[in-house]
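Notes to accompany the following structure.
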Amino acid sequence: MIDPYEMLGISREADGATIKSAYRKRAKTAHPDAGGDVDLFSRLTTSYELLCDPVRRKVYDDTGFDPELADTKDLQGLVILETLINEVILDEREPGSFDPVAAMRRKLTDKIVNARIHILEMERHRARIRNHIDRIGRKPETDVLGRMLRSRCETIGEAIGRAENEIENIEKAYGMLDGYSYEIDAVAEIKSAAE
C-alpha cells in the first residue's frame, strides 16, 4: 500500500494548497517527459488525486487503504476482514468481555487449515485420476476417456490454484491484524461467562 502523504512528502494535516504545491514540485522531476519513471509518476498522480478528494482522503485517513493505491492482495485481505468485522459488530456479547481480534485470528487460521486440507484432498483425487490414466488402454482412433480424465486433472489443478490463492489472501488479512491487541474487561468477561 502506498502512503500518499509519504509519496508527496507532506504531513497528514496538509491543506489543499500544500498538497498541490508538493505535487507540482515532485511531478516536475517524476514526469516521464522529464526523464522520470512512468510508474512513479502514476503513483504520484494517484496520491495527489486521493488527497484532493475529501471523501477518499477521509476513507484513507480512517482505514489506511484506498482501492487505487492498494495491491490486489490487500483488497482481497480487506474483503476477508470486512466479513469478520461484520461478525464482531453482530456479536451480542458485551464489548470487553471477549477479544474480537483473537477471534478473528482464530477464524483466519481455521480458514487456512481448511483450505490446506481441501488442497490435499484435491491432490489425492488428482493422483487417483492420473493413476487411472496410466492404466487405461487407449482406443486407437480417439481417446475419449483419456481426454475426459485429463480434463478432470486440469480442472482440479485450476481449483488447487484458486485454493492456494485464497490462502495467500487469508494470510494477507491475517497480516493486517499484526500489531492489534484488545483489552479485556475482567468484570465484563466474568459476567459474559455467567450468561
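Going through region 64-75 one residue at a time, which ones are out of contact with any Phe, Trp or Tyr (no Cβ under 7 Å at 6 or more places or on another chain), in a helix (DSSP H, G or I) and in contact (Cβ under 8 Å) with a residue 12 or more places away in the chain?
Matches in region 64-75: 73 only.
Give region 160-187 a look and list any residue that's under 28 Å from residue 93 (Cα atoms) and among the basic types (Lys, Arg), or say none.
172
In region 17-63, how many residues are of a type in the set (A, V, I, L, M) and either free of Cβ contacts under 8 Å to residues at least 12 places away in the same chain or surrounded by fewer than 18 Cβ atoms within 10 Å (Cβ to Cβ) (or both)?
Residues that pass the stated criteria total 7.
Taking the stated definitions as given, is residue 164 under 30 Å from residue 78 (Cα atoms), modelled with pLDDT under 95 and not in a loop (DSSP other than H, G, I, E, B)?
no
Determine which member of the set 157, 179 is small (Gly, Ala, Ser), within 30 Å of residue 76 (Cα to Cα) and modelled with pLDDT of 95 or more.
After applying the criteria, what remains is 157.
Across region 76-123, what is the total count of residues that are free of Cβ contacts under 8 Å to residues at least 24 places away in the same chain and more than 18 Å from residue 166 (Cβ to Cβ)?
Selection size over region 76-123: 9.
If residue 70 passes every condition in (1) closer than 28 Å to residue 175 by Cβ; (2) modelled with pLDDT of 90 or more; (3) of a type in the set (A, V, I, L, M, F, W, C) but one, which one does it miss?
Unmet for residue 70, out of (1) closer than 28 Å to residue 175 by Cβ; (2) modelled with pLDDT of 90 or more; (3) of a type in the set (A, V, I, L, M, F, W, C): (2).
Residues in region 146-153: is at least one at pLDDT below 90 and not assigned by TED's automatic domain parsing to the domain that holds residue 40?
yes
Scan region 142-169 and report the pairs whose first residue is surrounded by 15 or more Cβ atoms within 10 Å (Cβ to Cβ) and whose second residue is acidic (Asp, Glu) and modelled with pLDDT of 95 or more, with Cβ atoms within less than 7 Å and a gap of 6+ or a chain change.
160/123
The values are calculated or read from the model by the stated rules, or taken from the named source; none is laboratory data. Quick caveat, the model's predicted, so the values are computed rather than measured. Backbone-built Cβ (ideal geometry, glycine too); neighbour counts: all protein chains shown.
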